[in-house]
1. Before we move on, is residue 150 in a helix (DSSP H, G or I), in contact with a helix residue (DSSP H, G or I) (Cβ under 7 Å, 6 or more places away or on another chain) and either surrounded by fewer than 17 Cβ atoms within 10 Å (Cβ to Cβ) or on the phi > 0 side of the Ramachandran plot (or both)?
2. Please identify the pairs in which a residue from the range 192-217 that is touching a residue at least 24 places away in the same chain (Cβ under 8 Å) has its Cβ atom under 6 Å from the Cβ atom of a residue that is surrounded by 20 or more Cβ atoms within 10 Å (Cβ to Cβ) and not in a helix (DSSP H, G or I), counting only partners at least 6 apart or on another chain.
3. Kindly indicate the residue of the range 46-72 that is modelled with pLDDT of 90 or more and more than 21 Å from residue 296 (Cβ to Cβ) and also farthest from the chain's Cα centre (by Cα) among those meeting that condition.
4. Among what's in the range 216-243 and is surrounded by 15 or more Cβ atoms within 10 Å (Cβ to Cβ) and farther than 26 Å from residue 113 by Cβ, pick the residue that is modelled with the lowest pLDDT.
5. Could you list, in sequence order, all residues of the range 108-139 that are surrounded by 14 or more Cβ atoms within 10 Å (Cβ to Cβ) and more than 23 Å from residue 182 (Cα to Cα)?
6. Consider residue 205 carefully, then state whether it is in contact with a helix residue (DSSP H, G or I) (Cβ under 8 Å, 6 or more places away or on another chain) and either buried (at least 18 other Cβ atoms within 10 Å of the Cβ) or not in a helix (DSSP H, G or I) (or both).
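The values are calculated or read from the model by the stated rules, or taken from the named source; none is laboratory data. What you are looking at is a predicted structure, and each value in this text was computed from that prediction instead of being measured. Note: ideal-geometry Cβ built from the backbone for every residue, glycine included; neighbour counts use all protein chains shown.
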């Protein structure tokens, strides 16, 4: 007689929760220990960013909505958005000419530096002793801004080298840094000249990454040098051009040292830019609130310009 009360066996192992729960707990403790060790190794870096980035950023945000003379922290007086509205109020010089000068300075620097570095990098790529030429063009980068600014300042003087060349060509002298119409373009030329070296290094590296087989195929098809450069070299240099364009524009928007050495923002406000105005408001006038508000406005401008550049280059890449 068959025992119908016997348990039915399915061939599968019986579930033993008591045996699996300790293993799960062990893995959880192991992951927690690994996370703890990882955060301990990251602690110095996180502390560095907290002290030198997060705290100053938070303090600047507090000052942008306050009035403070820069001495006693107890004198911080909250004023809301008055500092921001004051920057764009009627009669304020921040939007025009200061912010306008900042954008023109950055745009002019990028245009000249990008065009010059692209031309020089293309020529160097066809010459011998490429390392020597790259070193010569990179020398202005390792020279201090103060030295570059002072040398060009003397060259721009009425009796300087530039006017001496113009006079030798039968042209009259130009008051490069004394005339409001020529002061900003003159400083733009110096900034572009000083930044060409780094752009050349990036672009020459980009040129070296273009496969030689593309040029061989173009030569077999009978393409000329201009066609090869426009249809092959330039499109394949787009990542390098994007890097140079973005970095040069960011440098131009934040430029300060060269302008204060060469013109101190003058004549008048002809060469005054946002970074120099922030310095003046904070250290010359003691208005740290307005200086902090101007810094955040400049941050928004830099972010917007960078996003627009990235969008344009990505769109062009999709179109091609």
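1. Details: in a helix (DSSP H, G or I): yes; in contact with a helix residue (DSSP H, G or I) (Cβ under 7 Å, 6 or more places away or on another chain): yes; either surrounded by fewer than 17 Cβ atoms within 10 Å (Cβ to Cβ) or on the phi > 0 side of the Ramachandran plot (or both): yes.
It is true that residue 150 is in a helix (DSSP H, G or I), in contact with a helix residue (DSSP H, G or I) (Cβ under 7 Å, 6 or more places away or on another chain) and either surrounded by fewer than 17 Cβ atoms within 10 Å (Cβ to Cβ) or on the phi > 0 side of the Ramachandran plot (or both).
2. If the second residue must be surrounded by 20 or more Cβ atoms within 10 Å (Cβ to Cβ) and not in a helix (DSSP H, G or I), the pairs left are 206/237.
3. 47
4. Per the criteria, the residue is 223.
5. Just the residues of the range 108-139 that are surrounded by 14 or more Cβ atoms within 10 Å (Cβ to Cβ), to begin with: 108-114, 116-118, 120-122, 124-125, 130, 133-134, 137-138.
Scanning the range 108-139 gives 117, 118, 120, 121, 122, 124, 125, 130, 133, 134, 137, 138.
6. No; evaluated as a whole, the condition is false for this residue.
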